[in-house]
Amino acid sequence: MDGFARHIAACNNLASPAGYFPFRIGAEQVGWLEPDLARWLAYRPRDFHFDAEGVSLPARLRSRAARESILADAAIGLEKAGYLKLREELFDVRATTDGPVLATLDRGAIPAFGVIAQGVHLNGLVRRADGLHLWLGKRSRAKAVAPGEWDNIVAGGAPAGLTMEETLIKEASEEAGLAPELTVRARRASALSYVMKTAEGMRRDTLHVFDLDLPEDVVPTPCDDEVERFELWPIARVMELVRDSDQVKFNVNLVLIDLFLREGLIDATTPEGRAMAASLRV
């Protein structure tokens, strides 16, 4: 089990937020700030207030548009100061995964502010007479994150304003050429979460996992520069890849371990299996 559990531990390498500053919008805590970044924000006292409970946007910002303007301006300044790199894509800011949207923030600033990020992952399954097979995507070697590593057939962050299902359909079409009328058959399988300290800040990610049984005559096709190629592997080979190597993107390991548990390929009734399931799922 250690070969699988090590991936879960690697994605949950922050045991406690001790030393971080809570970040609030109104009464809702939405994130965590590292001390250096909090000190940078302290030079903007009109925009960020400090008190015994942490850092917050000022109460005078009644509208969402006003809050977003302050956050966008701070993100630009933080990029210039070398704290982050903007991605030119907005994510929703919420206190909880299903809470109301309190603002939007550039994707590149999400870890710096310790805000929850949500995304979708699709297991493309082919059930043959000789057993379960899984489509994997080989990430482009030009990718900034995990270049050249193995990925799900479809995966992506949820842009501001889109549901998980809408995000899945969008990503499936853009990344793998899957028709929307096929992708809508995908079924929700799990919601996984982890908290990870990275050079960019605190990643508090929730991965919404979908399963889709694909006909054998459906072959995904790379449609952008995200993926080099797709390969269909027997599930036993995928298990060996996860267990014995570090060739899979760090959080995709979690999605695959969850699949192994749900398919009975890892015994979820053992103490080790139960521990892995509990540490994976929201």
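The values are calculated or read from the model by the stated rules, or taken from the named source; none is laboratory data. Owing to the predicted nature of the structure, the values given are computational and were not obtained by experimental measurement. Positions of Cβ are generated from backbone atoms using ideal geometry, with glycine treated the same way; all protein chains shown enter the neighbour counts. The accessibility values were calculated without ligands, DNA or RNA, using every heavy atom of the protein model including side chains. Shrake-Rupley method; radii C 1.70, N 1.55, O 1.52, S 1.80 Å.
The residue that is least open to solvent (accessible area, probe 1.4 Å), among those in segment 209-244 that are of a type in the set (A, V, I, L, M, F, W, C) and free of Cβ contacts under 8 Å to residues at least 40 places away in the same chain, is MET239.
Is it true that THR206 is under 20 Å from LEU168 (Cα atoms), surrounded by fewer than 19 Cβ atoms within 10 Å (Cβ to Cβ) and either in contact with a helix residue (DSSP H, G or I) (Cβ under 9 Å, 6 or more places away or on another chain) or small (Gly, Ala, Ser) (or both)? No. Could we say that VAL120 is among the β-branched types (Val, Ile, Thr), in contact (Cβ under 8 Å) with a residue 60 or more places away in the chain and buried (at least 19 other Cβ atoms within 10 Å of the Cβ) here? Spelling it out, VAL120 is indeed among the β-branched types (Val, Ile, Thr), in contact (Cβ under 8 Å) with a residue 60 or more places away in the chain and buried (at least 19 other Cβ atoms within 10 Å of the Cβ).
Restricting segment 123-138 to residues that are surrounded by fewer than 22 Cβ atoms within 10 Å (Cβ to Cβ) and not hydrophobic (A, V, I, L, M, F, W, C), the residue that is farthest from ARG188 (Cα to Cα) is ASP130.
Given the condition touching a strand residue (DSSP E or B) at 6+ places or on another chain (Cβ under 6 Å), under 20 Å from LYS138 (Cα atoms) and acidic (Asp, Glu), answer yes or no: does some residue in segment 217-238 qualify? Looking through segment 217-238, at least one residue is touching a strand residue (DSSP E or B) at 6+ places or on another chain (Cβ under 6 Å), under 20 Å from LYS138 (Cα atoms) and acidic (Asp, Glu).
Per-residue answers, yes or no, for (1) modelled with pLDDT of 95 or more; (2) under 18 Å from GLU68 (Cα atoms); (3) among the β-branched types (Val, Ile, Thr):
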site	(1), (2), (3)
MET1	no, no, no
ALA5	yes, no, no
ILE8	yes, no, yes
ASN12	yes, no, no
ALA15	no, no, no
PHE21	yes, no, no
GLY31	yes, yes, no
ASP36	yes, no, no
LEU41	yes, yes, no
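Within segment 162-178, track down each residue that is open to solvent by 40 Å² or more (accessible area, probe 1.4 Å) and either part of a helix (DSSP H, G or I) or not hydroxyl-bearing (Ser, Thr, Tyr) (or both). If the condition is that a residue be open to solvent by 40 Å² or more (accessible area, probe 1.4 Å) and either part of a helix (DSSP H, G or I) or not hydroxyl-bearing (Ser, Thr, Tyr) (or both), then LEU162, GLU165, GLU166, ILE169, LYS170, SER173, GLU174, GLY177 are the ones that fit. Within segment 14-35, which residues are open to solvent by 80 Å² or more (accessible area, probe 1.4 Å) and either in contact (Cβ under 8 Å) with a residue 60 or more places away in the chain or farther than 30 Å from ASN253 by Cβ (or both)? Of everything in segment 14-35, those that are open to solvent by 80 Å² or more (accessible area, probe 1.4 Å) and either in contact (Cβ under 8 Å) with a residue 60 or more places away in the chain or farther than 30 Å from ASN253 by Cβ (or both) turn out to be ALA27, GLU28. Within segment 245-267, the residues that satisfy the criterion of being surrounded by fewer than 17 Cβ atoms within 10 Å (Cβ to Cβ) and either over 19 Å from ARG6 (Cα atoms) or within 23 Å of the chain's Cα centre (by Cα) (or both) are SER245, ASP246, GLN247, ARG262, GLU263, GLY264. Hey, any hits in segment 66-75 for a residue that's in a loop (DSSP other than H, G, I, E, B), free of Cβ contacts under 8 Å to residues at least 60 places away in the same chain and either open to solvent by 30 Å² or more (accessible area, probe 1.4 Å) or among the polar types (S, T, N, Q) (or both)? Looking through segment 66-75, none of the residues is in a loop (DSSP other than H, G, I, E, B), free of Cβ contacts under 8 Å to residues at least 60 places away in the same chain and either open to solvent by 30 Å² or more (accessible area, probe 1.4 Å) or among the polar types (S, T, N, Q) (or both). Reported count of residues in segment 223-253, each being closer than 27 Å to ALA179 by Cβ, of a type in the set (A, V, I, L, M, F, W, C) and in a helix (DSSP H, G or I), is 3. Can you name the residue in segment 51-64 that is surrounded by 13 or more Cβ atoms within 10 Å (Cβ to Cβ) and in contact (Cβ under 8 Å) with a residue 12 or more places away in the chain and, of all such residues, is farthest from ALA81 (Cα to Cα)? Taking the candidates together, the pick is ARG64.
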